[in-house]
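Structure first, then comments.
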Amino acid sequence: MINFKQNTIALRILTVFLVSFTINRKNLCSNHPFFTPIKSPSVHFATAHSSLAEMIFDGHLSFENTEHTAKDFGGRYHFMPSAVLYPKSVSDISSVVKNIFQMGETTELTVGARGHGHSLEGQAQAHRGVVINMESLREPEMSFHTGIMPYVDVSAGELWINILHKSLKHGLAPKSWTDYLHLTVGGTLSNAGISGQAFEHGPQIDNVYQLQVVTGTGEVVICSEEQHSDLFHAVLGGLGQFGIITRARIALEPAPKKVKWIRALYSDFTIFSKDQERLIASDNSFNYIEGFVIINRTGLLDNWRSSFSSKDPIQANQFTSEGRVLFCLEVAKYFNLEESDHIDKDIDNLLSDLNYIQSTLFLSEVSYVDFLDRVHVSELKLQEKGLWEVPHPWLNLLIPRSSVHLFAQEVFGNILSDTSNGPVLIYPVNKSRWKNGTSMVTPAENVFYLIAFLSSAIPSSTGKDGLEHILTQHQRILNFCGRSNLGIKQYLPHYRTQEEWKAHFGTFWEVFSKRKSIYDPLAILAPGQRIFQKRRHLDNEDLKLNSSVDKGLDGNPSKDII
Ligand code: ZME
């Protein structure tokens, strides 16, 4: 979390960086002379491939059936790799990266780590490179440590849903979540991992004690706040640029059994956001705080009636939106059976401070697992209708508190005409409760909102639910933010040029790119982010070979960079 307004903080980070730079140079890079690039023999396309093909792995490397790695949840980018590695050990990953590193600048080969494939814009793809199928690294057992600071050591290819089920057997659970749990640990920790718990615990990257990482030179490094802390901070939210996360030590807490899940409506954004901000500031609050927008939708309350009960069913039945934009506050309070006798009173107390429309309070009681895995229920319904594997042009924005009213007015009042393509979520956070020093980029103010536009596009539609229309709306939103200088940052950012990336990182770019030159000096890792392009030394033979290979292939993503 870099505060772009405060140069002093940026300077402090730079100082920390310079200190660790010298340490890391000694400790991490002793066997890799980064600063005098290896003069390796010329390795052209075919040679590079045969060099990979000759390697022996605990798992295996495949040059066939690679199409699935050229797809992701976003469904909009399809770059074919040369090969897919199915690793069975960390050393499989380390050797493949090391081999490519040692070929130096004479090969264009890059490496992308792919988890469950939920990137939105090809971030886990590696055009003509090697994609690592991180789920192959999963192990049957997770190692739990109970005590006053409980944690679990997991493979980075593990899904959060499996960690939930396994840790509940010990009466424990991770503290901070994403909305959707069928994502890998390595994937969410390379971004942030944000859901309704982040206001209290910070995002998932704030709830990790230690990582095992394979850097861009193929070295395996254990890092934490105490050990190689610069790499630890770099990798958390680092968009895969500094290392492949292979294992993680996740902080746990005692798990509750049950959840009171509550929704209430507002017709005024100012009142809604004031309540959200009051809730995240309070010490004794809900355990989960989110919200969402409802534009031009009828019958929504009927949908809720099946799973939520109203405090005032007659009034609730009569409630209509009358064409207004509505804001739904969604909160949850965890509890155990022994608290059953006073939980309703506690909730009444918390709710009594809020200013929602009284007749629109909906309550529900579910198990902790059912609450956390709630999006999977939507997934199953959409899969039944064939509406899951469609393009997902999602836009996630972090909006500072001081801009959010102007944003809401223009975006919910003018730009968006309905929200039937998918949810529009609003999560308030206060980063003064977050850890400092990770690579995640946030707005300058402590209090900001994640506003997530999670649309599904209907394939072949040219109307309001078609891809073009949704992308145009997102561009209008981004243009408005830029024009009005709202100080927003993208979450799960996506840009095509390095200039745009520099603007995204702001004053943090210097640290980010220096770290890149230390941990992945040849820019081998995560090419799908399009932040750095792998340096390429072309000799005549390579030029000849590439010009023929390139013919007939569609756009090389790296050509857009710089
Ligand atoms: C495509 C889809 C997304 C279906 C449901 N969702 C979601 N619903 C609610 N919260 C979410 C979400 N995806 C992320 N967060």
How many residues of the stretch 499-516 are without any contact (Cβ under 8 Å) to a residue 40 or more places away in the chain and of a type in the set (S, T, N, Q)? The answer is 1
Answer residue from the stretch 291-305, given it is surrounded by 15 or more Cβ atoms within 10 Å (Cβ to Cβ) and more than 15 Å from the ligand (Cβ to nearest atom) and is modelled with the lowest pLDDT among those: Leu301
Could you tell me whether the stretch 143-160 includes any residue that is assigned to a strand (DSSP E or B) and of a type in the set (D, E, K, R)? yes
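Select from the stretch 300-322 the residues that are of a type in the set (A, V, I, L, M, F, W, C) and assigned to a loop (DSSP other than H, G, I, E, B) and write down the one among them that is nearest to Val377 (Cα to Cα).
The extreme case among them is Phe308.
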Identify, from the list Phe327, Phe308, the residue that is within 16 Å of the ligand (Cβ to nearest atom), surrounded by 15 or more Cβ atoms within 10 Å (Cβ to Cβ) and farther than 21 Å from Cys481 by Cβ. Phe308
Could you tell me which of the residues Gly196, Gly218 is within 16 Å of the ligand (Cβ to nearest atom) and not in a strand (DSSP E or B)? Gly196
If we keep only residues of the stretch 381-402 that are among the aliphatic types (A, V, I, L, M) and more than 10 Å from the ligand (Cβ to nearest atom), then the residue farthest from Gly122 (Cα to Cα) is Ile399
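Matching residues to (1) modelled with pLDDT under 95; (2) more than 16 Å from the ligand (Cβ to nearest atom); (3) over 29 Å from the mean Cα position of the chain (by Cα):
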{"site": "Lys333", "(1), (2), (3)": "no, yes, no"}
{"site": "Ile347", "(1), (2), (3)": "no, yes, yes"}
{"site": "Leu350", "(1), (2), (3)": "no, yes, yes"}
{"site": "Ser367", "(1), (2), (3)": "no, yes, no"}
{"site": "His376", "(1), (2), (3)": "no, no, no"}
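Go through the stretch 455-498 and count every residue that is touching a residue at least 60 places away in the same chain (Cβ under 8 Å), not hydrophobic (A, V, I, L, M, F, W, C) and not in a loop (DSSP other than H, G, I, E, B). Let's see the steps before the verdict.
Let us first name the residues in the stretch 455-498 that are touching a residue at least 60 places away in the same chain (Cβ under 8 Å), namely 455-459, 467, 470-471, 474, 476-478, 480-481, 484, 486-494, 496-498.
Checking which are not hydrophobic (A, V, I, L, M, F, W, C) leaves us with 455-456, 459, 474, 476, 484, 487, 489-491, 493-494, 496-498.
Cutting the leftovers down to not in a loop (DSSP other than H, G, I, E, B) gives us 474, 476, 489-490, 498.
Within the stretch 455-498, residues that are touching a residue at least 60 places away in the same chain (Cβ under 8 Å), not hydrophobic (A, V, I, L, M, F, W, C) and not in a loop (DSSP other than H, G, I, E, B) number 5.
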Take the conditions out of contact with any strand residue (DSSP E or B) (no Cβ under 8 Å at 6 or more places or on another chain) and within 30 Å of Met103 (Cα to Cα) and apply them to Arg476. Does it pass? no
Taking the stretch 437-454 only, how many residues are more than 16 Å from the ligand (Cβ to nearest atom) and surrounded by 23 or more Cβ atoms within 10 Å (Cβ to Cβ)? 6
I'd like to know if the stretch 241-258 contains one or more residues that are of a type in the set (A, V, I, L, M, F, W, C), at pLDDT 95 or above, crowded, with 22+ Cβ neighbours inside 10 Å and part of a loop (DSSP other than H, G, I, E, B). yes
Checking the conditions here, which among Ser155, Ser167, Ser176 is surrounded by 19 or more Cβ atoms within 10 Å (Cβ to Cβ), away from the ligand (no atom under 16 Å from the Cβ), touching a residue at least 24 places away in the same chain (Cβ under 8 Å) and farther than 13 Å from Arg247 by Cα? Ser167
Could we say that Leu416 is away from the ligand (no atom under 16 Å from the Cβ) and aliphatic (A, V, I, L, M) here? yes
Reported set for the stretch 378-419 where residues are of a type in the set (S, T, N, Q), more than 22 Å from the chain's Cα centre (by Cα) and surrounded by 15 or more Cβ atoms within 10 Å (Cβ to Cβ) is Ser403, Thr419
Filter the stretch 185-211 for residues that are over 10 Å from the mean Cα position of the chain (by Cα) and of a type in the set (Ser, Thr, Tyr); which is nearest to Pro428 (Cα to Cα)? Ser195
Quick one: would you say Trp434 is touching a Gly at 6+ places or on another chain (Cβ under 9 Å), away from the ligand (no atom under 16 Å from the Cβ) and more than 17 Å from Gly487 (Cα to Cα)? yes
Suppose we keep only residues that are of a type in the set (A, V, I, L, M, F, W, C) and at pLDDT below 95 within the stretch 495-552. Which one would you say is nearest to Val441 (Cα to Cα)? Leu538
Looking at Ser420, Ser378 in this structure, which one is hydroxyl-bearing (Ser, Thr, Tyr) and free of Cβ contacts under 8 Å to residues at least 12 places away in the same chain? Ser378
Quick test for you: out of Val213, Val131, pick the one residue that is β-branched (Val, Ile, Thr), assigned to a strand (DSSP E or B) and free of Cβ contacts under 8 Å to residues at least 60 places away in the same chain. Val213
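The values are calculated or read from the model by the stated rules, or taken from the named source; none is laboratory data. For clarity, every value in this text was computed on a predicted model and none was experimentally measured. Please note: Cβ atoms are built from the backbone with ideal geometry, for glycine as well, and neighbour counts cover all protein chains shown.
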